[in-house]
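*Asks:* I have a structure I would like to understand better, so I am pasting it below and will then ask my questions one at a time.
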Amino acid sequence: MMRPSFLPCPTVSILMPARNAAPWLGAAIASVQAQQFREWELIIVNDASDDGTATCAHAAALGDPRLRVIHSARHIGAAGARNMALDAATGRYIAFLDADDTWHPDKLHKQIPFMRTMGAALSYTGFWRQTALRRHHVRVPSTVTRDALLRGNVIGCLTAVYDTARLGKVPMPDLPMRHDFALWLDLLARTGPAHGLDLPLAIHLRRAGSLSSNKLRAMAATWRVYRDHAGLRPGMAALCLSSHLAQRLRRG
């Protein structure tokens, strides 16, 4: 979908894959529209949904020209949908938000100036992890290097922002799970440490039945990132996976 010629080029492009997300999509979109930082575009990729996702996305886009909706005729997965949105993105900064997550209104207002002040090519923030029973504050360190990230992913996808002026447009590896983790490793191979803002500026909804909620599948996917994407030998991959799991337990 072409960008209307009368709109200024946005500072931030937000990539949102949406697969059968009708119950949550409205809240995710509203959290972007509530941002104090106004220079953004939201690119929603309807990943061959068979519910009301397309209707919800188009209804929101009719009232806000900063929203753009792209349709995939076949199911391409979250990585493929994010990469389709990336191809259409026009902003300097690339941000990520899933259709069942939300942002705090201050998210971009705080994070973009933070990146400029720190000279960060990649940044991330703290967030809330929400389940049916509890909300947990996930804290983040002030910096993380690629070597440190291999021992535990501290970058929540819904919090990450990277600077294409420094890194170019970098697609997510085509993996069914942990493609975001693989992307952070790729980005950190190109730049210095990523910088973290330890404020809970987003809410991740942990739903039963979601890909990330299956711990065994997630562990196997992390192992594949270590072995197949990062090219670690089995012993080092096992060491990193053990550290990764221990860190997840500590963080909650």
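*Asks:* Could you give the spread of the C-alpha atoms of the stretch 1-93 along their three principal axes, from largest to smallest, in whole angstroms?
*Replies:* 33, 24, 20
*Asks:* Cross-link partners among aspartates and glutamates for Lys110, C-alpha distance below 12 Å, same-chain residues fewer than 8 apart left out?
*Replies:* Within reach: Asp198.
*Asks:* In addition: Select from Ala165, Pro234, Ala59 the residue farthest towards the positive end of the dipole of the chain; place +1 on Cβ of Lys and Arg, -1 on Cβ of Asp and Glu, and compute about the Cα centre.
*Replies:* My answer, from the dipole projection, is Pro234.
*Asks:* Can you tell me the order of 26-34, 10-18, 57-65 when each peptide is scored by its average per-residue count of other Cβ atoms within 10 angstrom, highest first?
*Replies:* 10-18, 26-34, 57-65
*Asks:* For the stretch 117-170, report the accessible area per residue in Å² (1.4 Å probe, heavy atoms, rounded to an integer).
*Replies:* Solvent-accessible surface per residue comes out at 42 Å².
*Asks:* Could you work out the relative contact order of the stretch 129-252? I mean the mean sequence separation of Cα pairs under 8 Å and 6+ apart, divided by the number of residues, in percent.
*Replies:* About 37 percent, as a whole number.
*Asks:* For the chain, what's the relative contact order in percent, using C-alpha pairs closer than 8 Å and at least 6 residues apart?
*Replies:* Relative contact order comes out at 21 percent.
*Asks:* While we're looking at this one, here's another question. Using a Gaussian network model of the chain whose springs link C-alpha atoms within less than 10 Å, name the residue from Ala89, Ala230, Ala202 with the highest mean-square fluctuation.
*Replies:* Top of the fluctuation ranking is Ala230.
*Asks:* How big is D, in µm² s⁻¹, for the chain by Stokes-Einstein at 20 °C and 1.002 mPa s if Rh is the Kirkwood radius over C-alpha pairs?
*Replies:* Stokes-Einstein gives a translational diffusion coefficient of 117 µm²/s.
The values are calculated or read from the model by the stated rules, or taken from the named source; none is laboratory data. Treat the numbers as computed from the prediction; the structure is a model and nothing was measured. Quick reminder, even Gly has a Cβ in these numbers, built from the backbone with ideal geometry, and neighbours come from all protein chains shown. Surface accessibility is based on the protein's heavy atoms, side chains included, excluding ligands, DNA and RNA. Shrake-Rupley method; radii C 1.70, N 1.55, O 1.52, S 1.80 Å.
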